[in-house]
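Below is one structure, written out as C-alpha coordinates; comments come after it.
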Amino acid sequence: MAKITAGVATSHVPLIGVGIDQGKCDEPYFKPIFAGYDWTKEWIAKPENKPDVVILVYNDHASAFGQEIIPTFAIGCAEEFTSADEGWGPRPVPKIKNHSDLAWHIAENLILDEFDMTIINEMDVDHGLTVPLSAIFGQPDSWPALIVPIMINVVTYPIASGDRCFRLGQSIKRAVERFPSDLNVQIWGTGGMSHQLQGPRAGLINQKWDQTFLDDLTADPERLRQIPHIEYLREAGSEGIELVMWLVMLGALTNPKELHRHYHVPASNTALGHIVLENGK
Ligand code: DHB
Ligand code: FE
(Lines give C-alpha, C1' and ligand atoms only; values in the text may rest on other atoms or scores of the structure.)
(Ligands and ions follow the chains in the order given, each with its own letter.)
Protein backbone atom coordinates (compact mmCIF):
# COMPACT_ATOMS: atom_id res chain seq x y z
CA MET A 1 0.00 0.00 0.00
CA ALA A 2 1.24 3.49 -0.76
CA LYS A 3 1.77 5.74 2.24
CA ILE A 4 2.31 9.45 2.77
CA THR A 5 5.36 9.64 5.04
CA ALA A 6 6.08 13.36 5.18
CA GLY A 7 4.99 16.82 4.15
CA VAL A 8 7.43 19.44 2.93
CA ALA A 9 6.59 23.07 2.27
CA THR A 10 8.70 25.75 0.70
CA SER A 11 8.44 29.12 -0.96
CA HIS A 12 9.06 29.00 -4.71
CA VAL A 13 10.67 32.41 -5.19
CA PRO A 14 12.11 32.45 -8.77
CA LEU A 15 15.32 34.03 -7.47
CA ILE A 16 16.17 30.72 -5.73
CA GLY A 17 16.21 29.12 -9.19
CA VAL A 18 18.37 31.93 -10.54
CA GLY A 19 20.84 31.43 -7.67
CA ILE A 20 21.14 27.71 -8.42
CA ASP A 21 21.18 27.96 -12.22
CA GLN A 22 23.80 30.71 -12.21
CA GLY A 23 26.03 29.13 -9.55
CA LYS A 24 25.53 31.91 -7.00
CA CYS A 25 24.75 29.72 -3.97
CA ASP A 26 27.95 30.74 -2.13
CA GLU A 27 27.50 34.47 -2.62
CA PRO A 28 26.73 36.38 0.61
CA TYR A 29 23.17 37.21 -0.46
CA PHE A 30 22.31 33.59 -1.28
CA LYS A 31 24.31 31.73 1.37
CA PRO A 32 21.78 32.07 4.22
CA ILE A 33 18.93 31.29 1.81
CA PHE A 34 20.44 27.96 0.76
CA ALA A 35 21.87 27.08 4.20
CA GLY A 36 18.32 26.42 5.41
CA TYR A 37 17.91 23.62 2.86
CA ASP A 38 21.07 21.72 3.90
CA TRP A 39 19.24 19.82 6.65
CA THR A 40 16.51 18.78 4.22
CA LYS A 41 18.98 17.68 1.54
CA GLU A 42 20.67 15.36 4.03
CA TRP A 43 17.38 14.09 5.44
CA ILE A 44 15.83 13.31 2.04
CA ALA A 45 18.96 11.50 0.83
CA LYS A 46 18.64 8.85 3.57
CA PRO A 47 17.15 5.65 2.13
CA GLU A 48 14.34 5.54 4.71
CA ASN A 49 13.23 9.08 3.81
CA LYS A 50 13.78 9.08 0.06
CA PRO A 51 10.39 9.40 -1.62
CA ASP A 52 9.41 7.22 -4.56
CA VAL A 53 6.85 9.84 -5.48
CA VAL A 54 6.31 13.48 -4.57
CA ILE A 55 2.82 14.89 -4.92
CA LEU A 56 3.81 18.46 -5.65
CA VAL A 57 1.10 21.03 -4.98
CA TYR A 58 1.91 24.26 -6.76
CA ASN A 59 0.41 27.11 -8.73
CA ASP A 60 0.98 28.06 -12.31
CA HIS A 61 1.80 31.75 -12.88
CA ALA A 62 0.15 32.25 -16.29
CA SER A 63 2.76 29.95 -17.90
CA ALA A 64 0.59 26.94 -18.81
CA PHE A 65 -2.77 28.58 -18.19
CA GLY A 66 -3.56 32.13 -19.28
CA GLN A 67 -6.85 33.94 -18.94
CA GLU A 68 -8.46 31.49 -21.42
CA ILE A 69 -8.72 28.55 -19.04
CA ILE A 70 -8.34 28.74 -15.27
CA PRO A 71 -8.85 25.41 -13.52
CA THR A 72 -9.44 25.73 -9.78
CA PHE A 73 -7.85 22.34 -9.15
CA ALA A 74 -5.89 20.42 -11.79
CA ILE A 75 -3.78 17.26 -11.84
CA GLY A 76 -1.06 16.40 -14.31
CA CYS A 77 -1.56 12.87 -15.63
CA ALA A 78 0.90 12.83 -18.57
CA GLU A 79 4.09 10.75 -18.43
CA GLU A 80 6.35 13.81 -18.29
CA PHE A 81 6.46 17.58 -18.16
CA THR A 82 8.99 20.14 -19.35
CA SER A 83 10.22 23.31 -17.69
CA ALA A 84 8.29 26.34 -19.00
CA ASP A 85 9.86 29.31 -20.75
CA GLU A 86 8.89 32.22 -18.49
CA GLY A 87 10.52 34.84 -20.70
CA TRP A 88 14.23 34.11 -20.41
CA GLY A 89 14.29 30.51 -21.69
CA PRO A 90 13.30 27.34 -19.82
CA ARG A 91 15.20 26.68 -16.58
CA PRO A 92 17.97 24.10 -17.20
CA VAL A 93 16.40 21.34 -15.11
CA PRO A 94 15.70 17.67 -15.86
CA LYS A 95 12.36 16.57 -17.32
CA ILE A 96 9.73 16.02 -14.67
CA LYS A 97 8.63 12.37 -14.81
CA ASN A 98 5.21 11.50 -13.45
CA HIS A 99 3.85 8.36 -11.80
CA SER A 100 0.98 8.33 -14.28
CA ASP A 101 -0.83 5.35 -12.77
CA LEU A 102 -0.87 7.00 -9.36
CA ALA A 103 -1.90 10.33 -10.90
CA TRP A 104 -4.87 8.76 -12.70
CA HIS A 105 -5.79 6.86 -9.53
CA ILE A 106 -5.72 10.10 -7.51
CA ALA A 107 -7.74 11.88 -10.21
CA GLU A 108 -10.39 9.16 -10.15
CA ASN A 109 -10.60 9.05 -6.37
CA LEU A 110 -10.76 12.83 -5.99
CA ILE A 111 -13.45 13.19 -8.62
CA LEU A 112 -15.54 10.44 -7.01
CA ASP A 113 -14.97 12.30 -3.73
CA GLU A 114 -16.64 15.43 -5.20
CA PHE A 115 -13.45 17.35 -6.18
CA ASP A 116 -13.82 18.20 -9.86
CA MET A 117 -10.21 17.98 -10.96
CA THR A 118 -9.17 19.19 -14.40
CA ILE A 119 -7.01 16.49 -15.96
CA ILE A 120 -3.97 17.87 -17.73
CA ASN A 121 -2.29 15.73 -20.36
CA GLU A 122 0.00 18.39 -21.73
CA MET A 123 1.54 21.37 -19.97
CA ASP A 124 4.85 23.02 -19.17
CA VAL A 125 5.61 23.61 -15.51
CA ASP A 126 6.97 26.90 -14.20
CA HIS A 127 9.02 28.08 -11.20
CA GLY A 128 6.13 27.15 -8.88
CA LEU A 129 7.08 23.49 -9.43
CA THR A 130 10.73 23.54 -10.50
CA VAL A 131 12.14 25.88 -7.83
CA PRO A 132 11.09 23.66 -4.88
CA LEU A 133 12.63 20.65 -6.67
CA SER A 134 15.91 22.51 -7.18
CA ALA A 135 15.99 23.90 -3.63
CA ILE A 136 15.66 20.42 -2.15
CA PHE A 137 17.27 18.11 -4.72
CA GLY A 138 19.91 20.47 -6.13
CA GLN A 139 21.09 19.92 -9.69
CA PRO A 140 20.93 16.18 -10.44
CA ASP A 141 20.94 14.70 -13.97
CA SER A 142 17.47 13.36 -13.30
CA TRP A 143 15.05 14.04 -10.43
CA PRO A 144 15.37 11.34 -7.77
CA ALA A 145 11.59 10.94 -7.41
CA LEU A 146 8.56 10.76 -9.67
CA ILE A 147 6.38 13.86 -9.45
CA VAL A 148 2.58 14.05 -9.51
CA PRO A 149 1.80 17.74 -10.18
CA ILE A 150 -1.33 19.14 -8.55
CA MET A 151 -2.10 22.68 -9.60
CA ILE A 152 -4.19 25.08 -7.53
CA ASN A 153 -5.45 28.38 -8.89
CA VAL A 154 -4.24 31.17 -6.58
CA VAL A 155 -3.77 33.75 -9.32
CA THR A 156 -7.31 34.77 -10.30
CA TYR A 157 -10.25 35.15 -7.92
CA PRO A 158 -12.40 33.29 -7.03
CA ILE A 159 -9.85 31.07 -5.29
CA ALA A 160 -10.77 27.98 -3.26
CA SER A 161 -10.87 28.55 0.49
CA GLY A 162 -8.09 27.32 2.75
CA ASP A 163 -10.55 24.90 4.30
CA ARG A 164 -11.47 23.42 0.92
CA CYS A 165 -7.76 23.06 0.13
CA PHE A 166 -7.33 21.23 3.45
CA ARG A 167 -10.20 18.89 2.54
CA LEU A 168 -8.60 18.30 -0.87
CA GLY A 169 -5.49 17.19 1.04
CA GLN A 170 -7.58 14.79 3.14
CA SER A 171 -9.01 13.33 -0.05
CA ILE A 172 -5.52 12.94 -1.57
CA LYS A 173 -4.43 11.04 1.56
CA ARG A 174 -7.38 8.63 1.24
CA ALA A 175 -6.60 8.11 -2.45
CA VAL A 176 -2.91 7.40 -1.83
CA GLU A 177 -3.73 4.88 0.89
CA ARG A 178 -5.96 3.01 -1.57
CA PHE A 179 -3.16 2.67 -4.15
CA PRO A 180 -2.02 -0.96 -4.10
CA SER A 181 1.78 -0.55 -4.72
CA ASP A 182 4.19 -0.06 -1.83
CA LEU A 183 5.32 3.52 -2.35
CA ASN A 184 6.92 6.07 -0.09
CA VAL A 185 4.97 9.21 -1.00
CA GLN A 186 5.66 12.74 0.15
CA ILE A 187 3.36 15.69 -0.34
CA TRP A 188 4.87 19.12 -0.89
CA GLY A 189 3.09 22.45 -0.56
CA THR A 190 4.70 25.40 -2.28
CA GLY A 191 4.45 29.18 -2.47
CA GLY A 192 4.23 31.84 0.21
CA MET A 193 5.15 33.14 2.62
CA SER A 194 4.09 36.76 3.05
CA HIS A 195 4.67 38.66 -0.15
CA GLN A 196 3.13 41.26 -2.37
CA LEU A 197 4.63 41.85 -5.78
CA GLN A 198 2.73 44.93 -6.94
CA GLY A 199 0.80 48.03 -5.95
CA PRO A 200 1.38 50.48 -3.09
CA ARG A 201 2.05 47.68 -0.60
CA ALA A 202 4.65 45.91 -2.82
CA GLY A 203 7.37 44.42 -0.66
CA LEU A 204 5.05 43.74 2.28
CA ILE A 205 6.53 41.17 4.68
CA ASN A 206 4.91 40.15 7.97
CA GLN A 207 7.38 38.05 9.92
CA LYS A 208 5.21 37.67 13.03
CA TRP A 209 2.22 36.43 11.04
CA ASP A 210 4.43 34.04 9.02
CA GLN A 211 6.07 32.54 12.13
CA THR A 212 2.66 31.97 13.74
CA PHE A 213 1.52 30.27 10.54
CA LEU A 214 4.60 27.99 10.73
CA ASP A 215 3.91 27.28 14.44
CA ASP A 216 0.29 26.41 13.83
CA LEU A 217 1.00 23.85 11.10
CA THR A 218 1.58 21.56 14.09
CA ALA A 219 0.08 23.51 17.02
CA ASP A 220 -3.29 24.57 15.62
CA PRO A 221 -4.15 23.31 12.13
CA GLU A 222 -7.83 24.01 12.83
CA ARG A 223 -7.07 27.74 13.07
CA LEU A 224 -5.19 27.68 9.78
CA ARG A 225 -8.13 25.99 8.05
CA GLN A 226 -10.39 28.87 9.00
CA ILE A 227 -8.17 31.78 7.83
CA PRO A 228 -10.32 33.76 5.35
CA HIS A 229 -8.90 35.15 2.10
CA ILE A 230 -9.13 38.69 3.43
CA GLU A 231 -6.70 37.84 6.25
CA TYR A 232 -4.11 36.46 3.82
CA LEU A 233 -4.53 39.60 1.75
CA ARG A 234 -4.33 41.99 4.69
CA GLU A 235 -1.61 40.28 6.75
CA ALA A 236 0.45 38.37 4.16
CA GLY A 237 0.00 40.51 1.04
CA SER A 238 -1.71 39.75 -2.25
CA GLU A 239 0.53 36.77 -3.07
CA GLY A 240 0.42 35.46 0.51
CA ILE A 241 -2.69 33.59 -0.65
CA GLU A 242 -0.28 31.02 -2.13
CA LEU A 243 -0.16 29.62 1.42
CA VAL A 244 -3.49 27.85 0.86
CA MET A 245 -1.38 25.30 -1.03
CA TRP A 246 0.40 24.47 2.23
CA LEU A 247 -3.04 23.56 3.58
CA VAL A 248 -3.45 20.90 0.88
CA MET A 249 -0.22 19.37 2.21
CA LEU A 250 -1.42 19.74 5.80
CA GLY A 251 -4.76 18.05 5.08
CA ALA A 252 -2.93 15.00 3.76
CA LEU A 253 -1.05 14.55 7.07
CA THR A 254 -2.15 13.17 10.44
CA ASN A 255 -0.70 14.66 13.65
CA PRO A 256 2.39 15.96 11.87
CA LYS A 257 5.62 16.52 13.79
CA GLU A 258 7.95 19.37 12.85
CA LEU A 259 11.41 18.12 11.93
CA HIS A 260 12.96 21.24 10.44
CA ARG A 261 12.15 24.90 9.82
CA HIS A 262 13.84 27.63 7.82
CA TYR A 263 12.68 31.23 7.65
CA HIS A 264 14.65 33.96 5.95
CA VAL A 265 14.00 37.57 4.93
CA PRO A 266 14.49 38.74 2.28
CA ALA A 267 14.57 36.45 -0.72
CA SER A 268 13.78 38.73 -3.61
CA ASN A 269 10.98 40.92 -2.28
CA THR A 270 9.53 38.19 -0.09
CA ALA A 271 9.74 36.18 3.10
CA LEU A 272 11.05 32.69 2.43
CA GLY A 273 9.63 29.84 4.49
CA HIS A 274 10.42 26.13 4.48
CA ILE A 275 9.28 23.36 6.81
CA VAL A 276 9.57 19.57 6.98
CA LEU A 277 6.80 17.66 8.72
CA GLU A 278 6.90 13.98 9.56
CA ASN A 279 3.55 12.27 9.16
CA GLY A 280 2.19 10.83 12.42
CA LYS A 281 -0.50 8.25 13.08
C1 DHB B 1 8.29 36.19 -6.49
C2 DHB B 1 7.65 35.28 -5.64
C3 DHB B 1 6.72 34.39 -6.14
O4 DHB B 1 6.02 33.51 -5.40
C5 DHB B 1 6.44 34.38 -7.47
O6 DHB B 1 5.59 33.48 -7.93
C7 DHB B 1 7.07 35.29 -8.33
C8 DHB B 1 7.99 36.18 -7.83
C9 DHB B 1 9.30 37.12 -5.99
O10 DHB B 1 9.52 37.19 -4.79
O11 DHB B 1 9.97 37.76 -6.78
FE1 FE C 1 4.39 32.47 -6.75
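The values are calculated or read from the model by the stated rules, or taken from the named source; none is laboratory data. All figures in this text were calculated on a predicted structure; none of them were measured in a lab. Glycine gets a Cβ as well: all are built from the backbone with ideal geometry, and neighbour counts include every protein chain shown. Note: accessible area is taken over every heavy atom of the protein model, side chains too, but ligands, DNA and RNA are not part of it. Shrake-Rupley method; radii C 1.70, N 1.55, O 1.52, S 1.80 Å.
Compute the relative contact order of region 39-177 as a whole-number percentage, counting only Cα pairs closer than 8 Å that sit 6 or more residues apart in sequence.
Values: 216 pairs, mean separation 53.4, N = 139.
Contact order relative to length: 38 percent.
Apply the Karplus parameterisation 6.51 cos²θ - 1.76 cosθ + 1.60, with θ equal to phi minus 60°, to every residue of region 130-138 and state each ³J(HN,Hα) to the nearest whole Hz, in sequence, with x for glycine and proline.
7, 5, x, 4, 5, 4, 9, 9, x
What residues qualify as long-range amide H neighbours of residue 267, i.e. H under 5 Å apart, gap of 5 or more or another chain, H built at 1.01 Å from N?
Close amide H contacts, sequence-distant or interchain: 272.
Rounded to the nearest whole Å², what accessible area per residue is found for region 3-191 with the 1.4 Å probe? Let's see the in-between values first.
Values: 7920 Å² over 189 residues.
Counting only protein heavy atoms, the per-residue value for region 3-191 is 42 Å².
Leaving out ligands, DNA and RNA, and with a 1.4 Å probe, what % of the accessible surface on region 3-191 is carbon or sulfur? Don't skip to the end; give the middle numbers.
Numbers: 4100 of 7920 Å².
That share works out to 52 percent.
Among 155, 62, 140, pick out the residue whose Cα is farthest towards the positive end of the charge dipole of region 3-191, where Lys and Arg carry +1 and Asp and Glu carry -1 on C-beta, about the Cα centre.
It is 140.
If you roll a 1.4 Å probe over the heavy atoms of the protein chains, what accessible area per residue do you get for region 206-281, in Å²? All intermediate terms of the calculation are to be shown ahead of the outcome.
Details: 2900 Å² over 76 residues.
For region 206-281, the per-residue accessible area is 38 Å².
Using the crude model of +1 on Lys and Arg Cβ and -1 on Asp and Glu Cβ, and no other charge, please compute the dipole size for the chain relative to its Cα centre, in debye to 20. Don't jump to the answer; show the numbers that get you there.
Details: 22 positive and 36 negative charges, 129 e Å.
With only Lys, Arg, Asp and Glu charged at Cβ, the dipole is about 620 debye.
What order do you get for 266-276, 71-81 when each peptide is scored by the mean count of other beta carbon atoms within 10 Å, highest first? If you can, show how the numbers build up before the last one.
On the way: 266-276: 21.9, 71-81: 19.0.
My ranking of the peptides, most packed first, is 266-276, 71-81.
Separation of region 134-209 and region 239-256 by C-alpha centroid, Å?
Between the Cα centres of region 134-209 and region 239-256 lies a distance of 7 Å.
Can you tell me what share of the DSSP beta bridges in the chain is antiparallel? A percent to the nearest 5 is fine.
Details: 19 of 42 bridges.
Of those bridges, close to 45 percent are antiparallel.
Once phi is turned into ³J(HN,Hα) by the Karplus curve 6.51 cos²θ - 1.76 cosθ + 1.60 with θ = phi - 60°, what whole-Hz value does each residue of region 260-265 show in order, with x for glycine and proline?
Karplus values, whole Hz, x for Gly and Pro: 7, 9, 9, 9, 9, 10.
Apply the Karplus parameterisation 6.51 cos²θ - 1.76 cosθ + 1.60, with θ equal to phi minus 60°, to every residue of region 93-106 and state each ³J(HN,Hα) to the nearest whole Hz, in sequence, with x for glycine and proline.
10, x, 4, 8, 9, 8, 9, 4, 4, 5, 4, 5, 4, 5
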